[in-house]
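This report refers to the structure that appears directly beneath it.
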Amino acid sequence: MSERRTGRIVRSLSGFYEVQTPAGVVTCRGRGSLRRGGESPLTGDMVEITVEGGKGMVERILPRKNSFVRPAVANVDALVVFAANVNPVTEPFLIDRVAAIAGDQGVEVYICINKCDLDPAVDLERIYTRAGFPVIRASAQTGEGVAQLRCLLSGKLTAFTGNTGVGKSSMLNALCPGLELATGQVSQKLGRGRHTTRHVELFALDENTYVADTPGFASFDTEQMEVILKENLQYAFRDFAPYLGECQFHDCSHRAEPGCAVRRAVEEGEIETSRYKSYLRLYDQYSRIKEWERK
């Protein structure tokens, strides 16, 4: 006799889903009807499952409040974008693209500048503090910023994301001693890390606080991320908000139009140049995407 339960997917790997239910964790496969319907369960999903003989089957994915392609996670309250200015150096565009995708879905973004014991990354801190993001200066090695980050995570389901080798798993180990997650060395020749996290998994810091550790990414594979309508991109840049609606033309794209309040704010130093350059780069990318590719 099968039993029906509701729970949250805490780990996804090779077509198997570990679902946390009130009665414990059940390893499940996905019902074929999900695939035929174009649905794919994600870590963080709330699901209905059937259990029989100790084996489970995901029957239905409950409505999501949000979902992401990279990291492949659902129902998050916040994203923590990890960055560093050393070993490896994070390109601001990577931060801006992830932050824009999160902003487009109304998800809060925190910037964690890791490895501050090796490089203080004052430019990165200035850029994102001025843009209005909560910024945490941290070092998984010395413990700097760990308590501050822990407070921001409390009571939330948060995903850690960022380029490979920037120290996401190391920080999670610092937040939750005893996890002993594998961490990788950064290639000195290539200046980037080796992937140590191969899947998305939720870790409970307490009964109300979950962190998703996710595989890192490099600049070339940000092309796999979500698409934002170019018309909506301006709203995903929080530092543009005070100037929207102030342009000479109501449909201003903030690129070359006269009387643009956003461009004027950049020229006057109110908006960081690197942020504006990221906006232009993303606008150009999204402008080249055909309508059918957005489906």
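Rounded to whole numbers, the Karplus 3J(HN,Hα) couplings from phi for the range 268-279 are 8, x, 7, 10, 5, 4, 5, 5, 5, 4, 5, 4 Hz, using 6.51 cos²θ - 1.76 cosθ + 1.60 with θ = phi - 60°, and x at Gly and Pro.
Give me the net charge of K115's neighbourhood, meaning all other residues with Cβ under 11 Å from the Cβ of K115; Lys, Arg count +1, Asp, Glu -1. Residues near K115 contribute -2 overall. Accessible area per residue was computed with a 1.4 Å probe on protein heavy atoms; M46 scores about 60 Å². Within the chain, C28, C112, C116, C151, C176, C260 have no other Cys Cβ under 4.7 Å of their Cβ and so lack a disulfide-compatible partner by this rule.
Accessible surface ranking for K65, K156, 1.4 angstrom probe, highest first: K65, K156.
Under the convention that each Lys and Arg Cβ holds +1 and each Asp and Glu Cβ holds -1, the size of the dipole of the chain around its Cα centre is about 820 debye. Short-range pairs are left out: with C-alpha atoms under 8 Å and at least six residues apart, the relative contact order of the chain is 16 percent. For the range 227-295, the set of GluC sites (Glu not before Pro) satisfying both a DSSP loop assignment and a count of at most 11 other C-beta atoms within 10 Å is given as E231, E268. Over all other residues within a Cβ to Cβ distance under 13 Å of G44, the charged ones net out to 0, with Lys and Arg as +1 and Asp and Glu as -1. Dipole orientation for the chain: of the candidates I49, H254, P177, I49 has the Cα lying most toward the positive pole (charges on Cβ; Lys, Arg +1; Asp, Glu -1).
A simple spin-label model places the labels of L179 and A78 1.5 nm from each other, with each point 7 Å out along Cα-to-Cβ. The Cα center of the range 1-73 and the Cα center of the range 228-295 differ in position by 38 Å. So, with a 1.4 angstrom probe, what is the percent of accessible area on the chain that is carbon and sulfur? Within the chain, the accessible surface is 48 percent carbon and sulfur. Ligands, DNA and RNA are left out, and with a 1.4 angstrom probe the accessible area of the chain is 49 Å² per residue. For the range 5-10, 3J(HN,Hα) computed residue by residue from phi via the Karplus equation (6.51, -1.76, 1.60; θ = phi - 60°) reads 9, 10, x, 10, 6, 10 Hz, glycine and proline entered as x.
The values are calculated or read from the model by the stated rules, or taken from the named source; none is laboratory data. Just so it is clear, the structure is predicted and the values come from calculations on it, not from any experiment. So basically every Cβ, Gly included, is an ideal-geometry build from the backbone, and we count neighbours across all protein chains shown. SASA here: full protein model, heavy atoms, side chains in, ligands and nucleic acids out. Shrake-Rupley method; radii C 1.70, N 1.55, O 1.52, S 1.80 Å.
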